[in-house]
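To start, the structure under review is shown below, and the notes come after it.
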Amino acid sequence: MTQLFLANEKVGEFLSGFSKIMKVFAPINTVSPSFEEWSENKQYFPGKTAYSAKNIFFPQYDELLSIGFNKSQQNDTQININSKNDEFSPRLVFGIRPCDLKAIEVFEKVMSTGAYRHPGFQKRLEQSVLAVILCPDKHSGCFCDIMGLNRMRVGKLADLALTPTSKGYIVHPSSKKGTEILNSANLPEPSEKWQDDIDKSSANSPVNDHGHNGGMTSRLSDALFNNEEFWSEKTAACLGCGICTYVCPTCHCFDITDYNFGSFNVKRLQSWDSCMFYNFTNEASGHNPRKLRWQRYRNRINHKFNYLPNKKDISGCTGCGRCVALCPASVDFRGILSSATEKQNE
Amino acid sequence: MLEQLILDRAKQLIGEFDMVISYRRNSNPERPSAAFFKDITSIEKHLCWNRYCSSNLSVYLPFQARNGTMWNGVERAAVFIKDCDFRSALNLIAEEAIERDRFHFIGVPCEGMFDYRTGNLPSRCMNCKRPDAAEYDESIGQPVENLSSEPETKNPLKSLAPDQINEFWEKQLSLCIRCNACREACPNCYCRDKCLADARQPDFLSRSEDLRHRKFFQVIRTLHNAGRCTECGECERACPAGIPLSYLSSASSGIIAELFNYLPGITKKKQPLLLLDSTPGGSE
C-alpha cells in the first residue's frame, strides 16, 4: 500500500498547489477555527475545528434557483429560470476528522437515499476528494468512541487517509480518486520508524469526558415521548439559541424561501433551519406543534437517537462534542440522554 | 463557604417557596447551568455556586419565558442571584415582564465569574455596575468590594472615525453565523416568535447571508435594547464566533447615560426610559 509523507511545513504548499487546479477547503486558524476555502494568506489549523465541515456540502445559504423576467422584442413575457445546483467543480476537502466523515455518511443517508433526494448535496460530494486526518487520540471534549466510532479506522467515503506524526502526516489513498490525487502530488516516502512517532499530542490536553462514559442508549424508544415533565425539567436551562444545530456535523434541517430582490430578481434560497428556533414548525395556518422549547429539544434528541437509528439504521450523533463545547447555557445532552436511557428502561 | 451558606438557606427556603432557582453542578465543574429546584433532595444533590456561574438567570424569569411544566403551580420562587443578573431583573421588573411580588431575590456577593474557556475574568466583570443592594429581598454571605472601583460606560471604539467603525464591524460580523445565540441569551429579548428579525410578513430580514443582513440584525438588537440593556455581557459570552458584541452594549448604554442620565436597572424612575405609555404627561 502506498504510503507517502506530507511534512507539517509543506502543508501550505501542498494545498496551494492543488488550489491552482481545483477548489481547496481546509481548516483555517481563526477565532473559531472552521473550514474555509484555502488561500496562501490563511493559516492552516491542524486541530479539530470549532464548526463542522458540512457547509462545504450543504451551504448555510444556497441559491437553488434564480428567476428573472425579460422583456424581449419577440416575447415580452419571457421568464428565465436558472438553476445553480447543476454543476459543481472538483474540490479537495482536506483535514476533516473521522467524526466529520461519519457525519457525511449520515447526510448521504438522508439526502441521497429514498424517494426524495437533494440535488446539490450529492453532486458536491461526487466532485469532492475527501482527505481525512485520523485521530490517534481524542481531543478535548470528544466522545466519538462512546458513539461507536473508531478514530483510526478509515471511513468508506474517504479518498485519502492521513495519520498525524510529530513531523507531518503519513498519507495513504483509500480510493481510486485518492490514488490519482496522490500521484500528482509528488510527495516523498516516510522515514522507516514513523510508527513510533504517531502524534498523540492531543492526548496531553485533558480529555474530559466528565464521567459520561456510558449509560447512553444508541436507540431511544418512543416510551418517553409524552413525558412532558421529564423533557421540561431536563431541558430547563436551554435557551433555544441554535448554536448546537449549527455547529453539529449531522444536523441537516433546512428552510426554503423565495425572495424578490427587486427588479424582477427572484431567488429561491435554501437556508439552514434549526429545531431550536421558535418558528421551526410554525405552519402556514398559524398552528405550531412545537411552540415550547422543551418540545423542540425533545425533537432534537429524538431525531438523533430515535428516528434516525430506528428508521435509517444510522446514529445521528458522531460524538464530535461541538454542541457541548459551545452551548452558552452549559447544557450537555449526554446527561439528558443518560437519564432518558435509565428512565425508558424502568 | 459561600456555597454551603447558599445550600443551607435554599433548603430552608424550599419550604416557604414553591421553587428555588440557582445553578446546578454538572459533570464538568467549570460549567454549571441554571437550575429550578422544587424539593430538598435535588437541592442537596445538585445545587452549586462557584466562580463559573456565568449564565444570567434573569433570562429565564419573564413570564414569556416560563413555559416548562416545572412552573406549573409555582406561585412564588426564591432566586439566588448575582448583581449583574439582578440588574437585568430590575429592568425587566420595570417593564413588567417579571412580576415583582412572585419572586424573592437573595443577593449573592460576586467577585466575578470566570470564562471557562480562557480561565480569565471577562471584561464585563471589570466594568461591573451594581444595582442598589437595598432592592434585594435578602442578602447572604459577606459583601465584597466591587472589582471595578470606578466603573464607567466606555465605548472602546470611541476614538475611531465612522468609516473605521464600519470597517471594524464588517470584519467582525463576517464571522456571524446568524445562530441567534446573542438574542436568546439576552434577558431583554423576550419577543420570542414575534421577533422582527424572524418576521415574514413583512419580511424585514431575509435568510440571505450577506453582510448587510448580519449588520442589520445587530442594528435591530441594539436599537431595541437602547435604554434597556444592562451590559450583562451574555450576548458576547454566548457568541460562538467570538464577536465582541459588548462593544455595542457599551456604546448604546453610554449614549443613553449621557443623554438621559439613565442606567437601566439602577436609575429609579416611575417608568422605563424609552417605554412611555400613552398617558398624557408621560413619566417623571
Quiz item: When the Karplus curve 6.51 cos²θ - 1.76 cosθ + 1.60 is applied with θ = phi - 60°, which whole-Hz ³J(HN,Hα) does each residue of the stretch A:107-120 get, with x for Gly and Pro?
Solution: 4, 4, 4, 7, 8, 10, 10, x, 6, 10, 10, 8, x, x
Quiz item: How many percent of DSSP beta bridges within the protein assembly as shown run antiparallel, rounded to 5?
Solution: 65
Exercise. Report, to the nearest whole %, how much of the accessible area of the stretch A:268-346 belongs to carbon and sulfur atoms, 1.4 Å probe, protein only.
Key: 48
Practice problem: For B:D39, put the label point 7 Å out on the Cα→Cβ axis and report which residues of the stretch B:57-72 keep their amide N under 15 Å from it. | Solution: B:70
Quiz item: Separation between the B:Q271 and A:V31 pseudo-spin-labels, each 7 Å from Cα along Cα→Cβ, expressed in nm?
Solution: 3.8
Practice problem: Work out the mean other chain Cβ neighbour count within 10 Å for the residues of B:236-242 and drop it here as an integer. | Solution: 6
Quiz item: Ordered by packing density, taken as the mean number of other Cβ atoms within 10 Å over each peptide's residues, highest first, how do A:23-33, A:9-19 rank?
Solution: A:23-33, A:9-19
Quiz item: Solvent-accessible area per residue for chain A at a 1.4 Å probe radius, Å²?
Solution: 46
Quiz item: Looking only at other chains, what is the average number of their beta-carbon atoms within 10 angstrom of each beta-carbon in B:181-189?
Solution: 4
Practice problem: Determine which residues of the stretch B:228-264 fall in the zone a paramagnetic label at B:C191 would reach in this model, i.e. backbone nitrogen under 16 Å from the point 7 Å along Cα→Cβ. | Solution: B:228-229
Practice problem: Enumerate the calculated ³J(HN,Hα) couplings along the stretch B:122-134 in order (Karplus 6.51 cos²θ - 1.76 cosθ + 1.60, θ = phi - 60°), each rounded to whole Hz, writing x wherever the residue is Gly or Pro. | Solution: x, 5, 4, 6, 6, 10, 5, 10, 8, x, 5, 5, 5
Quiz prompt | 0 to 90° range, to nearest 10: angle between helix B:211-224 axis and chain B longest Cα axis | solution = 50
Practice problem: Would you calculate the separation in nanometres between label points at B:L211 and A:E40, each defined as 7 Å from the Cα along the Cα-to-beta-carbon direction? | Solution: 2.4
Quiz item: So which residues of the stretch A:251-278 lose at least 40 Å² of accessible area, probe 1.4 Å, when you go from the chain by itself to every protein chain present?
Solution: A:Y259, A:F277, A:Y278
Self-check item: In sequence order, calculated HN-Hα J values of the stretch A:8-16 (Karplus, 6.51, -1.76, 1.60; Hz; x Gly/Pro)
Solution: 3, 6, 9, 4, x, 5, 4, 5, 5
Quiz item: Under 15 Å Cα-Cα from A:K312, which aspartates and glutamates qualify once same-chain neighbours fewer than 8 residues away are excluded?
Solution: A:E105, A:E108
Quiz item: Shielding of A:238-249 by partners, i.e. mean partner chain Cβ atoms within 10 Å per residue?
Solution: 5
Exercise. Divide by every residue of chain A the summed helix terms, -39500 (n - 2.57) for each DSSP H run of at least 4, and state the resulting mean residue ellipticity at 222 nm, rounded to the nearest 500 deg cm²/dmol.
Key: -7000 deg cm²/dmol
Quiz item: Angle between the Cα long axis of helix B:83-94 and the longest principal axis of chain B, 0 to 90 degrees, nearest 10?
Solution: 80
Exercise. Go ahead and collect, in residue order, the members of the stretch B:92-127 whose backbone nitrogen is under 11 Å from a label point 7 Å along the Cα-Cβ direction of B:A133.
Key: B:107-110
Exercise. Send over the semi-axes of the protein assembly as shown's equivalent ellipsoid, whole angstrom and largest first, taken as the square roots of 5 times the C-alpha gyration tensor eigenvalues.
Key: 43, 31, 25
Exercise. Measure nothing fancy, just the Cα-based angle from helix B:2-16's long axis to the longest principal axis of chain B, in degrees from 0 to 90, nearest 10.
Key: 70
Practice problem: List the residues of the stretch A:297-331 that lose 40 Å² or more of accessible area once all protein chains are present, compared with their chain alone (1.4 Å probe, heavy atoms only, no ligands or nucleic acids). | Solution: A:P328, A:S330
Self-check item: Across B:K82/B:K215; A:K234/A:K304; A:K234/B:K45; A:K48/A:K291, pairs whose alpha-carbon gap is larger than 24 Å
Solution: B:K82/B:K215; A:K48/A:K291
Quiz prompt | About the Cα centre, charge dipole magnitude for the protein assembly as shown (Lys/Arg +1, Asp/Glu -1 at Cβ), debye | solution = 1140
Quiz item: When chain A is treated as a GNM, springs tying every alpha-carbon pair under 10 Å, which of A:T235, A:T217, A:T257 comes out with the largest mean-square fluctuation?
Solution: A:T257
Quiz item: If you count, for each residue, the other Cβ atoms within 10 Å and average over each peptide, how do A:100-113, B:234-247, B:8-21 line up from highest to lowest?
Solution: B:234-247, A:100-113, B:8-21
Quiz item: If you take all C-alpha pairs in the stretch A:53-159, what percent of them are over 23 Å apart?
Solution: 44
Quiz prompt | Contact surface B-A: accessible area buried, both sides summed, square angstrom, 1.4 angstrom probe | solution = 3500
Exercise. Just round it to a whole percent: the fraction of Cα-Cα distances in chain B exceeding 36 Å.
Key: 16
Quiz item: What spacing in nm lies between the two simple spin-label points modelled at A:L64 and B:L121, each 7 Å away from Cα in the Cβ direction?
Solution: 5.2
Exercise. Please get the size of the charge dipole for chain B, origin at its Cα centre, with Cβ charges of +1 on Lys and Arg and -1 on Asp and Glu, quoted in debye to the nearest 20.
Key: 620
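The values are calculated or read from the model by the stated rules, or taken from the named source; none is laboratory data. Note that the coordinates shown come from a computational prediction; the quantities given were computed from them, not determined experimentally. As a convention, Cβ positions derive from the backbone with ideal geometry for all residues, glycine included, and neighbour counts pool all protein chains shown. Ligands, DNA and RNA are excluded from the accessible area calculation, which covers all protein heavy atoms including side chains. Shrake-Rupley method; radii C 1.70, N 1.55, O 1.52, S 1.80 Å.
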